[in-house]
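Read the structure below first, then the notes.
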Amino acid sequence: RSLGYRNFVSSFISTLVARSDETRRLRPAVRGMASRFGLCRGTRTEPEGPPRSSSNTCPLFVGCNWKCAVSELNAADALVSAINKSWAPHAQALSEIELVMCPPHVLLGRVRDRAGAAFRVGAQNVGEAVGPLDAGTGVTTAGLLRAVGAEWVVLGHSDRRNVFGETDALLASKAHACLAAGLAVNLTVGETRAQREAGVAIETVLQQVAAMAERVDAGEWARVVIAYEPVWAVGDGATPCTPEETQRVHSEIRSWLKSHAGTEAASKCRLVYTGSVNATNCGAYAVLPDVDGFVVGRAGLEASALLEICQILVRCKNGGLTA
C-alpha cells in the first residue's frame with residue numbers, strides 16, 4: 001500500500017484514539033486497527049487477549065506480598081512513598097485495579113496511614129481461627145487486623161501450607177472467620193512438584209478450593225480472590241509455569257466453582273496468577289481469559305516495576321491500550 005494511504009489511515013485512527021481517551025475503551029475494531037498501525041499509547045505492544053471469561057465486574061486485582069523483605073521502618077515508608085508517587089499520574093487510568101499491599105503484621109498500621117486512599121492493605125496471615133488457640137498467646141485475630149486498617153488477608157501461601165503445615169481444614173476455618181470479621185480473603189492454592197509429577201495437580205488444587213468453598217456463603221465470593229501458585233515454578237532457577245498451563249488450571253478452577261458453588265461464584269471470584277511474575281513475563285499471562293490479575297513478590301518491592309505490571313495488565317485487558 002502507498003505511503004499516502006497509510007498516512008491517511010494513520011491520521012484517521014489517531015483521531016479516533018484521541019477522541020476516545022476519556023473512556024479508555026475503544027470499540028474492538030478501532031483497537032485492532034490502532035494496534036496494527038502501532039498507534040496505541042505507550043512503548044510496549046501486548047497481544048490483545050480474549051475477554052475475561054468470568055464476565056467479572058469486580059476490579060482487576062494485584063496483590064503485593066512483601067513477606068519480610070522490608071524490615072525497617074524507613075524502608076517501608078520509602079517504598080509506600082515511591083508507590084504513591086509513581087501511581088498518582090496514572091490513577092485514573094489504573095482505577096480498575098484493586099492494588100493491595102501486604103506488609104508484615106507489625107507494619108500494617110504504618111503502611112495504612114501512609115498509603116494513598118486508592119490502595120488497600122492486607123495481612124499475610126491471621127492467627128488460628130479455631131480453638132483452643134483462636135484467641136491465645138501470640139495470635140493476631142481477624143478483628144485485630146481490621147482494627148489496624150487491614151482489609152485483606154493472604155491465606156494458604158505455600159510457605160504456610162508446606163513449611164508450617166497448615167491444612168485445608170484450618171485454612172477454611174480462617175477464611176470463614178476473616179470473611180465474618182469483614183476482611184476479604186486472598187486464598188493461595190497450588191501443587192508441589194511431587195504432586196504434579198504424580199499426575200494429581202488439578203485434583204490437589206481443586207481439593208484446596210473445595211475446602212474453602214464449603215465455608216464461603218453465596219454472597220461473599222466478590223470478596224474472595226484465588227491465587228494459583230504452582231509451587232514447583234517458584235524461586236530462583238525454577239522452570240516457569242507456561243501461560244497455556246496456567247490457563248488450563250484457572251479454567252478448571254472456574255469450572256469447578258460454577259458447578260459446585262454456582263454461576264455467581266464463578267463470575268464474582270477473581271482468579272489471579274502468582275509465580276515469579278515480573279514486568280517482562282506478565283503480559284503473556286495478562287491476556288489469558290481466566291487471569292484477573294496477579295500476586296507479586298519481589299516485583300512489588302520496586303515502585304516502577306509494580307507500576308509497569310499494572311499498566312500492562314490494564315492494557316492487555318483493554319485490548320492493547322496503555323494505562
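The values are calculated or read from the model by the stated rules, or taken from the named source; none is laboratory data. Quantities reported herein were computed from a predicted structural model and do not represent experimental measurements. We place every Cβ from the backbone using ideal geometry, glycine too, and count neighbours over all the protein chains shown. When the accessible area is computed, the model is the full protein with side chains, heavy atoms only, and any ligands, DNA or RNA have been set aside. Shrake-Rupley method; radii C 1.70, N 1.55, O 1.52, S 1.80 Å.
Which residues, taken from the stretch 190-214, are more than 16 Å from Val126 (Cβ to Cβ), part of a helix (DSSP H, G or I) and not small (Gly, Ala, Ser)?
Those that are more than 16 Å from Val126 (Cβ to Cβ), part of a helix (DSSP H, G or I) and not small (Gly, Ala, Ser): Arg193, Gln195, Arg196, Glu197, Ile202, Glu203, Thr204, Val205, Leu206, Gln207, Gln208, Val209.
A quick yes/no check of all residues on (1) open to solvent by less than 60 Å² (accessible area, probe 1.4 Å); (2) free of Cβ contacts under 8 Å to residues at least 12 places away in the same chain; (3) under 20 Å from the mean Cα position of the chain (by Cα):
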{"site": "Ala76", "(1), (2), (3)": "yes, no, no"}
{"site": "Ile83", "(1), (2), (3)": "yes, no, yes"}
{"site": "Pro89", "(1), (2), (3)": "no, yes, no"}
{"site": "Met101", "(1), (2), (3)": "yes, no, yes"}
{"site": "Gly122", "(1), (2), (3)": "yes, no, yes"}
{"site": "Leu133", "(1), (2), (3)": "no, yes, no"}
{"site": "Ala142", "(1), (2), (3)": "yes, no, no"}
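Among the residues of the stretch 240-289, how many are open to solvent by 40 Å² or more (accessible area, probe 1.4 Å) and either within 15 Å of Leu313 (Cβ to Cβ) or in a strand (DSSP E or B) (or both)?
4
Taking the residues in the stretch 249-308 that are under 16 Å from Ala227 (Cα atoms) and of a type in the set (Ser, Thr, Tyr) as candidates, determine which candidate is farthest from the chain's Cα centre (by Cα).
Selected residue: Ser255.
Inspect the stretch 92-105 for any residue being assigned to a loop (DSSP other than H, G, I, E, B) and closer than 29 Å to Ile202 by Cα and give the result as yes or no.
As a first pass, look at the stretch 92-105 and keep what is assigned to a loop (DSSP other than H, G, I, E, B): 92-96, 103-104.
Filter again for closer than 29 Å to Ile202 by Cα, leaving none.
The answer is no; no qualifying residue exists.
Return the residue satisfying two criteria in turn: it lies in the stretch 144-169 and is touching a residue at least 40 places away in the same chain (Cβ under 8 Å) and assigned to a loop (DSSP other than H, G, I, E, B), and of such residues it is surrounded by the most Cβ atoms within 10 Å (Cβ to Cβ).
Among those residues, the one meeting the criterion is Ala150.
Cβ-Cβ below 9 Å, separation at least six or inter-chain, first residue in the stretch 271-282 and farther than 16 Å from Leu60 by Cα, second of a type in the set (Gly, Ala, Ser) and part of a loop (DSSP other than H, G, I, E, B): which pairs?
Correct list of pairs: Gly275/Gly190; Gly275/Ala238; Ser276/Gly235; Ser276/Ala238; Ser276/Gly297.
In the stretch 213-223, what residues are within 10 Å of Ala261 (Cβ to Cβ) and not charged (D, E, K, R)?
Ala213, Val216, Ala218, Trp221 - these are the residues of the stretch 213-223 that are within 10 Å of Ala261 (Cβ to Cβ) and not charged (D, E, K, R).
Those residues that are closer than 28 Å to Val231 by Cα and more than 21 Å from the chain's Cα centre (by Cα), I need them from the stretch 144-163; list them, please.
Asn162, Val163
Could you grab me the full set of residues in the stretch 233-248 that are closer than 21 Å to Asn65 by Cα and under 18 Å from the mean Cα position of the chain (by Cα)?
Ala233, Val234, Pro240, Cys241, Thr246
Residue check: is Ala115 within 24 Å of Gly293 (Cα to Cα), out of contact with any strand residue (DSSP E or B) (no Cβ under 7 Å at 6 or more places or on another chain), surrounded by 15 or more Cβ atoms within 10 Å (Cβ to Cβ) and of a type in the set (Gly, Ala, Ser)?
Considered against the rule, which asks whether it is within 24 Å of Gly293 (Cα to Cα), out of contact with any strand residue (DSSP E or B) (no Cβ under 7 Å at 6 or more places or on another chain), surrounded by 15 or more Cβ atoms within 10 Å (Cβ to Cβ) and of a type in the set (Gly, Ala, Ser), Ala115 comes out as no.
Please determine, by comparing only the residues of the stretch 189-232 that are open to solvent by 10 Å² or more (accessible area, probe 1.4 Å) and of a type in the set (Val, Ile, Thr), which one is nearest to the chain's Cα centre (by Cα).
Val231
To keep it simple, each residue is scored yes or no on (1) aliphatic (A, V, I, L, M); (2) touching a residue at least 12 places away in the same chain (Cβ under 8 Å); (3) farther than 23 Å from Gln124 by Cβ.
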site: Thr188; (1), (2), (3): no, yes, no
site: Trp221; (1), (2), (3): no, yes, no
site: Val224; (1), (2), (3): yes, yes, no
site: Gly262; (1), (2), (3): no, yes, yes
